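Here the structure is laid out as structure tokens; the discussion comes afterwards.
What follows draws every value from the coordinates through simple rules; no lab data is involved. Because the structure is a prediction, the values reported are computed rather than measured. Neighbour counts run over all protein chains shown; Cβ positions are idealised from the backbone, glycine included.
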Amino acid sequence: MKQETYSYIKILGVVIFIPFAVGIGPLLGFFTGLYLVKKFSLGPYVIFICITLGFLSGVFETIRIIKFIFRETKK
Amino acid sequence: MNADILYSLLIIAGLVSVSAIACRRGALVPGRMQNAAELLFGGIDDFICGILGPKGRRYTPFIGTLFIYILCMNLAGLVPFMKSPTSNWSTTLALALCVFAYVQYSAVRELGFLGYLDHLFGRPRGIVAFSVFIPILMFFIHIVSELIRPISLSLRLRSNIWGEDMLIGVLSGFGIKAVPLIVFSMGIIIIGAVVQAVVFSLLTTIYFALVLTHEE
């Protein structure tokens, strides 16, 4: 397979991956927060913190993968 | 037994049989079967080593097996009276958890336990190392990122294949009139199945690369 085809596949992979990575982070945060609030009788602010953390993680993960792919594609 | 498990076992049996036949008599001048197998494995090896470098050859069997297995499971939905096992979240989550466990194991083996902890804390150096807040924040972000990976990897594959299976199911309900549409959809589904298998393997390779190349 040509190197160009590999590059297209890599970019396609990232494009398909982004919405899941960004969306699942806050969802995971929400459910973790909900569990913590119920388990330890904490305030609802814990859910907000967990959602923010999840969102940040999703964004960081996406940035890391995009950076990696673009560096690989430039090689 | 659950139908998805049965189909998965059938696919495993088929793949084992084909591999055994292809590798039975390894000849210097390969036969048709051996030639096809060598072409496939060579392509997968090139793809993985292109991203991970020569070190990546160690992971070719794992990622290559994942690719072929997922591809066959994706395409199983096109066989009459069968259903893609990958349209069930349990199947894809199991695969993603295997990837998750192997990536963590490789990370600890490659970096050492303390090195891996350092990686999770975001490699704090200089003045950042003395601030407690940033390394702890990075630690939590890294932990959540690691937990996101198996879920996003499995949900993406499951959702796409489930959608393809549903499309074929709905179109089949229209009867003989929908045959041209079904044939057209089958073409798209074959492309989708290959792309999804490639993307799963690609993301697995990237997860290894992020660990092996000490990516930050």
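A few comments on the model shown:
- Full extension of the segment from B:Leu114 to B:Ile12, taken as 0.36 nm per residue of separation minus the current Cα-Cα distance, would add 32.9 nm.
- Rounded to the nearest 10 degrees, the inclination of helix A:3-40 to the longest alpha-carbon principal axis of chain A is 10 degrees.
- The calculated 222 nm mean residue ellipticity attributable to helices in chain A amounts to -33000 deg cm²/dmol, summing -39500 (n - 2.57) over DSSP H runs of n ≥ 4 and dividing by all residues.
- Look at the stretch B:5-12: the mean tally of other chain Cβ atoms within 10 Å of its residues' Cβ atoms is 0.
- Which of B:Arg123, B:Arg109 has the fewest Cβ neighbours within 10 Å, and the rest in rising order: B:Arg109, B:Arg123
- Peptide B:45-52 - average C-beta neighbours from other chains (10 Å radius): 2
- Sequence of A:Tyr35, A:Tyr6 once ranked by neighbouring C-beta atoms within 10 Å, starting from the fewest: A:Tyr35, A:Tyr6
- Relative intensity, log₁₀ I(q)/I(0), of segment A:3-74 from a Debye sum that treats every alpha carbon as a point, q = 0.13, 0.14, 0.21 Å⁻¹: -0.48, -0.52, -0.80
- Dividing the mean sequence gap of close Cα pairs (under 8 Å, 6+ apart) by how many residues segment A:3-74 holds gives a relative contact order of 38 percent.
- Summed over all non-identical Cα pairs, the Kirkwood treatment of chain B gives a radius of 19.6 Å.
- Listing B:Lys177, B:Lys55 from fewest to most neighbouring C-beta atoms within 10 Å gives B:Lys177, B:Lys55.
- Taking the C-alpha atoms only, the angle from helix A:45-74 to the longest principal axis of chain A is near 10 degrees.
- Too-long pairs where the Cα-Cα distance tops 31 Å, listed order kept, from A:Lys10/B:Lys55; A:Lys10/A:Lys39; A:Lys38/A:Lys67; A:Lys67/B:Lys55: A:Lys10/A:Lys39; A:Lys38/A:Lys67
- Taking 7 Å steps out from each Cα toward its Cβ at B:Ala101 and B:Phe133 produces label points 4.0 nm apart.
- Geometric descriptor of the protein assembly as shown, per residue, is 180 Å³ (volume of the convex hull of the Cα atoms).
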